[in-house]
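The values are calculated or read from the model by the stated rules, or taken from the named source; none is laboratory data. Everything quoted here is computed from the prediction, not taken from an experiment. Here Cβ is always computed from backbone atoms with ideal geometry, including for glycine, and neighbour counts include all displayed protein chains.
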Amino acid sequence: MLKTTKLLCVSALVVLLVALATPSFAQVVANDAYQVNYFSGGDGTLRIINTGHRGSPIDGATNHGKVCADIYVFDSNQEMLACCSCPITANGLRTLPSTDLLFNPLTRVPFTTGVIKIVADAQPGTGCNPTTIVNPVEAGLRSWETHIQAAAAITETVSASAPLTNTEQAFLGQACSFVLYLGSGQGTCRCGTGG
């Protein structure tokens, strides 16, 4: 009886240590570095600004406060069909018409409705890479999307901020890698103008 009790205690202790050492599956890595919006009609425009949280063009900071806007475009079936990463310096504005977001989908089938996800990411060096979200930047970017409604009315919505979890961070990068690999030139978006 005593041997069984000791064995149960040791087993419980091992289970507890493993549980404490194993990270949870959905840890938040950034509260305000991730934004989501929708597009419909295929005629909207995405505008992204760098809020200047990482420095400014005049303070001598490396890359002038650059933040990469990692952009992931999903169709209405929740499939990632395009991704890209666009540099935006501090206080800069980048404008992407839907033709830049939707011009080169993975499937080569045009689509006009879906979801846009944007992660503010500080990547080392001068390049931006949507396949790896290196260092999410809290409050680094803000974005808006225009929508063509019925009777040609145009509305604009601010993108909603959402917590970025480690699972979503890994998923976005891996799915983008998959899209670019499978696409062999397809599955990319363009960065529009500005920055």
Inter-residue pairs, beta-carbon under 9 Å, first at pLDDT 95 or above and in region 173-195, second buried (at least 18 other Cβ atoms within 10 Å of the Cβ) and basic (Lys, Arg), 6+ apart: 191/94
Neighbours by Cβ (under 7 Å, 6+ apart or cross-chain): first from region 80-93, more than 17 Å from residue 192 (Cα to Cα) and touching a residue at least 12 places away in the same chain (Cβ under 8 Å); second of a type in the set (Phe, Trp, Tyr) and crowded, with 24+ Cβ neighbours inside 10 Å: 80/72
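Taking residue 143, is it surrounded by 21 or more Cβ atoms within 10 Å (Cβ to Cβ), in contact with a Phe, Trp or Tyr (Cβ under 9 Å, 6 or more places away or on another chain) and in contact (Cβ under 8 Å) with a residue 24 or more places away in the chain?
Details: surrounded by 21 or more Cβ atoms within 10 Å (Cβ to Cβ): yes; in contact with a Phe, Trp or Tyr (Cβ under 9 Å, 6 or more places away or on another chain): no; in contact (Cβ under 8 Å) with a residue 24 or more places away in the chain: yes.
Judged against the criteria, residue 143 is not a match.
Just to be sure, is residue 168 surrounded by 17 or more Cβ atoms within 10 Å (Cβ to Cβ), over 15 Å from residue 49 (Cβ atoms), charged (D, E, K, R) and at pLDDT 95 or above?
Values: surrounded by 17 or more Cβ atoms within 10 Å (Cβ to Cβ): yes; over 15 Å from residue 49 (Cβ atoms): yes; charged (D, E, K, R): yes; at pLDDT 95 or above: yes.
The answer is yes for residue 168.
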